[in-house]
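J.: Structure below; questions to follow.
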Amino acid sequence: MKQGIGLLFWGFFFVLIDINVMRIDLIPDFIGYFMVLTGVKKLEAQGLAFPRVRPILILLAILSIPGTIQWGTINLIDQGVQPTSLFHLGILSSLVFMSLHLMVGVGILQGLRKQALEMENQSLASKGQQGIYSYTVSTFLLLLIYPFVINTSLYVGTLLFIGIGIAYIIIQLIFLFFLRSFRISL
Amino acid sequence: MKKKWLIIGILLVSISWIGNYTIFAAKQLPHPLLLKHYYEIPINVDMMSGTIDFRLSYLVNRNEEIDITGIQFPGADWIRKTSSHNVQIYNHYLLKTMYLSIDVPLLKEDKKMDDWLFKNVTVYLSNGQTKTLPVGEIRIVKAKESELLEQMAGGGSSDQTGFNQWEANQPLKIKDVQISSTKPVDAWLKISVNGKPLTQDIFPVTLAKGKRVQFNYEWSFPGQDANGFHLYQVNAKILGEGENRQPFLRSMYVQYFPYFTNKEINDVAKQLRGEQQ
């Protein structure tokens with residue numbers, strides 16, 4: 001089980017980290033998602049249940065493939081893609097990724113919480129429950145605020161954009177810490 | 001987690017996204033929009049070379065998808081666009097200014113008429129389209145300017161006040177200042193001469209050689225007067241006579257280039273969209 005949770009941890013960590021060299025992500029997100037998928041499979045083989053998580057992970061892995069290469073806004077504009085289309089595409093893809101991540105994160109937390117209850121580890125189960133609430137509420141809040149970026153001044157919009165980005169990274173880090181503490185308590 | 005709260009959350013997020021996108025879409029301009037310009041530009045017929053510059057303001061969407069790349073004043077090839085730059089970025093729009101120059105020698109060769117009035121211009125857009133857009137009323141007039149008065153200083157402020165200072169090159173009398181504009185501006189423009197409001201009572205203003213006269217002006221558009229959304233360049237004609245009683249004319253620019261808040265620029269865009277669809 002430790003190995004399965006380790007795969008979840010490193011998979012999500014790889015998704016969070018981007019190292020771009022010559023416009024190519026050296027740690028592509030789809031590798032991270034496949035690691036999570038492998039972890040989920042391993043854990044399910046050991047009796048844990050993560051309903052609906054696997055198909056969403058496959059979808060995330062596929063959707064993240066184009067993001068491996070940083071296309072570069074200027075190149076796309078040169079090829080006739082309108083800046084607004086790129087801007088909207090960027091925001092829309094964030095919406096899709098954040099929503100799918102939320103479903104995967106909550107699905108995994110629910111599965112781990114159930115396991116903690118079966119192990120009669122009340123403290124870990126209650127941490128899991130808190131994790132589900134905070135992960136869901138904070139992601140929903142960010143999703144609620146995010147579209148205001150398009151209707152505010154450049155200054156406020158940039159601050160919102162950066163603020164949401166930082167907040168989202170913090171949420172993901174908290175999620176990673178939960179996975180780590182679950183692994184340690186096994 | 002209760003399903004009810006999840007549904008409420010999804011509903012709120014959906015409302016936020018749909019609402020914001022609806023507002024964003026409603027604000028988008030189909031193409032750049034020219035603000036209204038009411039200019040009278042005097043051209044000194046004694047000018048042998050050089051250019052007279054003026055500027056036009058226009059609005060584009062903030063992402064600058066479509067911009068103006070060229071402009072043509074009908075029948076006036078002697079007006080050329082020289083440059084353009086961003087003035088201010090608003091929530092949805094970018095206010096831009098393009099600079100144009102009148103090639104004076106070429107204009108003097110154009111013998112068709114003594115003054116020109118432009119109400120529409122043709123603009124060339126970055127998406128390859130060409131549009132004819134209303135520009136307000138821009139009149140270019142030939143004038144014979146005197147050297148008896150020489151401009152020494154001038155300036156304007158963002159509070160829409162400004163001044164012009166002139167020095168007499170010989171003893172002279174200023175007998176009148178006539179405001180010539182393509183749109184009546186009496187209600188919005190106040191001018192004073194050496195601190196006294198501009199009325200017929202103050203004339204003549206007598207100046208010894210080397211003495212200066214100062215004109216101060218102030219623009220004011222009370223309330224939400226939409227006329228304050230336009231740009232003005234008024235030709236204030238200083239009329240008088242020199243020491244040998246020879247009449248003279250000197251043209252003085254009195255300009256109004258407004259600053260807009262975000263709400264005002266939204267009103268401007270709404271008004272222009274109605275007219276320039």
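Computed from the coordinates by the stated procedures, all read-outs in this text should not be read as laboratory data. Predicted model only: the values in this text are computed from it and were never measured. Cβ atoms come from the backbone with ideal geometry, glycine included; neighbour counts cover every protein chain shown.
J.: In Å, the Kirkwood hydrodynamic radius of chain A over pairs of distinct alpha carbons?
T.: Taking every pair of different Cα atoms in chain A, averaging 1/r and inverting gives 17.6 Å.
J.: Here's another thing I want to ask about it. Kindly provide the helix-only [θ] at 222 nm of chain A, computed as the sum of -39,500 (n - 2.57) over DSSP H runs of four or more divided by all residues, to the nearest 500 deg cm²/dmol?
T.: Numbers: 7 runs with 142 residues, N = 186.
Rounded to the nearest 500, it is -26500 deg cm²/dmol.
J.: Could you give the nm distance between label points at A:L159 and A:E118, where each point is 7 Å from its Cα heading toward the beta carbon?
T.: 4.9
J.: Also, I was wondering about something else. Computed FRET efficiency, Cβ-Cβ of B:M152 and A:L89, R0 41 Å: what is it to the nearest 0.05? If you can, show how the numbers build up before the last one.
T.: Working: r = 57 Å, r/R0 = 1.39.
Rounded to the nearest 0.05, the efficiency is 0.10.
J.: Output the direction-averaged projected area (hull surface divided by four) of the convex hull of the alpha-carbon atoms of segment A:82-156, in nm². Could you put the intermediate results ahead of the total?
T.: Numbers: hull surface 22.8 nm².
Spelled out: convex hull of the Cα atoms, projected over all directions, averaged, 5.7 nm².
J.: Taking the Cβ of B:P74 as the centre, find all other residues whose Cβ is under 13 Å away and add up their charges (Lys, Arg: +1; Asp, Glu: -1). Spell out each step's value before the answer.
T.: Details: positive: B:K112, B:K119; negative: B:D77, B:D110.
It works out to a net charge of 0.
J.: For segment B:1-143, restrict the atom set to alpha-carbon positions and state the Rg and Dmax in Å.
T.: 22.3, 84
J.: How much of the DSSP bridge set in the protein assembly as shown is antiparallel, in percent, rounded to the nearest 5? Don't skip to the answer; put the middle values down first.
T.: Values: 80 of 91 bridges.
In the protein assembly as shown, approximately 90 percent of DSSP beta bridges are antiparallel ones.
J.: Here's a follow-up. Hey, can you rank B:169-177, A:15-23 by average C-beta count inside 10 Å, highest first? Don't jump to the answer; show the numbers that get you there.
T.: Numbers: B:169-177: 17.8, A:15-23: 12.3.
In decreasing order of mean packing, B:169-177, A:15-23 become B:169-177, A:15-23.
J.: Oh, and also: Indicate the gyration tensor shape class of segment B:163-265 (rounded, prolate or oblate), computed on the Cα atoms with a ≥ b ≥ c the square roots of the eigenvalues: a/c under 1.5 is rounded; otherwise a/b larger than b/c is prolate and the rest oblate.
T.: On the way: a/c = 2.68, a/b = 2.59, b/c = 1.03.
Taking the square roots of the gyration eigenvalues as a ≥ b ≥ c, segment B:163-265 is prolate.
J.: Give me the inter-chain shielding for B:87-93: mean count of other chain Cβ atoms within 10 Å, whole number please.
T.: Details: counts 0, 0, 3, 2, 7, 4, 0.
Averaged over the peptide's residues, the number is 2.
J.: Pull up the DSSP beta bridges for segment B:33-275 and report the antiparallel fraction as a percent, rounded to 5. Walk me through the numbers before you get to the answer.
T.: Details: 77 of 88 bridges.
Roughly 90 percent of the DSSP beta bridges within segment B:33-275 come out antiparallel.
J.: Additional query: Once Lys and Arg get +1 and Asp and Glu get -1 on their Cβ, which of A:L100, A:A125, B:L189 lies farthest toward the positive end of the dipole of the protein assembly as shown?
T.: A:A125
J.: Note down the net charge around B:H85, summing +1 for each Lys or Arg and -1 for each Asp or Glu among other residues with Cβ under 14 Å from its Cβ. Could the numbers behind the result be given before it?
T.: Details: positive: B:R55, B:K81, B:K96; negative: B:D53, B:E64, B:D67.
Within the 14 Å Cβ shell, the charges total 0.
J.: With an 8 Å Cα cut-off and a minimum separation of 6 or more residues, compute the relative contact order for chain A in percent. Before the final figure, lay out the partial values.
T.: Working: 185 pairs, mean separation 40.3, N = 186.
Across chain A, relative contact order equals 22 percent.
J.: Roughly what angle does helix B:262-275 make with the longest principal axis of chain B, taking Cα atoms, 0 to 90 degrees, to the nearest 10?
T.: Around 90 degrees separate the two axes.
J.: Can I ask one more? Output the pairs from B:K211/B:K237; B:K142/B:K209; B:K81/B:K237; B:K36/B:K211; B:K96/B:K173 with a Cα-Cα distance over 30 Å in this structure; if there are none, say none.
T.: Correct reply: B:K36/B:K211; B:K96/B:K173.
J.: Another question, if that's okay. Once the convex hull of the C-alpha atoms of the protein assembly as shown is built, how many Å³ does it hold per residue, rounded to a whole number?
T.: 194
J.: Sticking with this structure for a sec: At 37 °C and a viscosity of 0.692 mPa s, what translational diffusion coefficient does Stokes-Einstein give for chain B, taking Rh as the Kirkwood radius over Cα pairs? Give it in µm²/s as a whole number. Spell out each step's value before the answer.
T.: Values: Rh = 21.3 Å.
The diffusion coefficient I find is 154 µm²/s.
J.: Relative to the Cα centre, what is the charge dipole magnitude of chain A, using +1 at the beta carbon of each Lys and Arg, -1 at the beta carbon of each Asp and Glu, and rounding to the nearest 20 debye? Show your work: numbers first, answer last.
T.: Working: 11 positive and 7 negative charges, 107 e Å.
With only Lys, Arg, Asp and Glu charged at Cβ, the dipole is about 520 debye.
J.: Give me, ordered by chain and number, the residues 5 or more places off B:K36 or on other chains with an amide H under 5 Å from its own placed amide H.
T.: Answer set, sorted by chain and number: B:L231.
J.: Related question: Placing +1 on the Cβ of each Lys and Arg and -1 on the Cβ of each Asp and Glu in segment A:2-185, which of A:L89, A:G67, A:Y135 has its Cα farthest towards the positive end of the resulting dipole?
T.: Result: A:Y135, furthest along the dipole toward the positive end.
J.: Let me ask something else. Please name whichever of A:Y33, A:L8, A:F161 sits farthest to the positive end of the charge dipole of segment A:2-185, dipole taken about the Cα centre and charges placed at Cβ: Lys and Arg +1, Asp and Glu -1.
T.: In segment A:2-185, that residue is A:L8.
J.: Can you tell me the FRET efficiency between B:M48 and A:I166 if r is taken as the Cβ-Cβ distance and R0 is 51 Å, rounded to the nearest 0.05?
T.: Working: r = 63 Å, r/R0 = 1.24.
So the FRET efficiency works out to roughly 0.20.
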